[in-house]
């Protein structure tokens, strides 16, 4: 599904199933892995979603359309997040 100005986030839930959402704030979601980074258009920028505070792994490629990482890892509980090394 393609929606103008935004892209869905895909993540692995606590049962090991891949789920899809268009929500922008996933901070309270119980997930540790994002498989597709979502974003949304906000005024003159494309903002990344707010990842779950329990996130441990993200894709190693950041979509080139994203222009703002504001609040992406807000209140994250982990010292290390796998995948951001190449952003």
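The values are calculated or read from the model by the stated rules, or taken from the named source; none is laboratory data. Just so it is clear, the model here is predicted, and its values are computed rather than measured. Cβ atoms come from the backbone with ideal geometry, glycine included; neighbour counts cover every protein chain shown.
So in segment 1-21, with the set limited to residues that are part of a loop (DSSP other than H, G, I, E, B) and surrounded by 10 or more Cβ atoms within 10 Å (Cβ to Cβ), which one is modelled with the lowest pLDDT?
Out of the qualifying residues, it is 14.
Any residue at all in segment 64-74 that is surrounded by 12 or more Cβ atoms within 10 Å (Cβ to Cβ) and in a strand (DSSP E or B)?
Yes, there is a match, as at least one residue in segment 64-74 is surrounded by 12 or more Cβ atoms within 10 Å (Cβ to Cβ) and in a strand (DSSP E or B).
Taking the stated definitions as given, is residue 78 at pLDDT below 95, surrounded by 13 or more Cβ atoms within 10 Å (Cβ to Cβ) and under 17 Å from residue 12 (Cβ atoms)?
Considered against the rule, which asks whether it is at pLDDT below 95, surrounded by 13 or more Cβ atoms within 10 Å (Cβ to Cβ) and under 17 Å from residue 12 (Cβ atoms), residue 78 comes out as yes.
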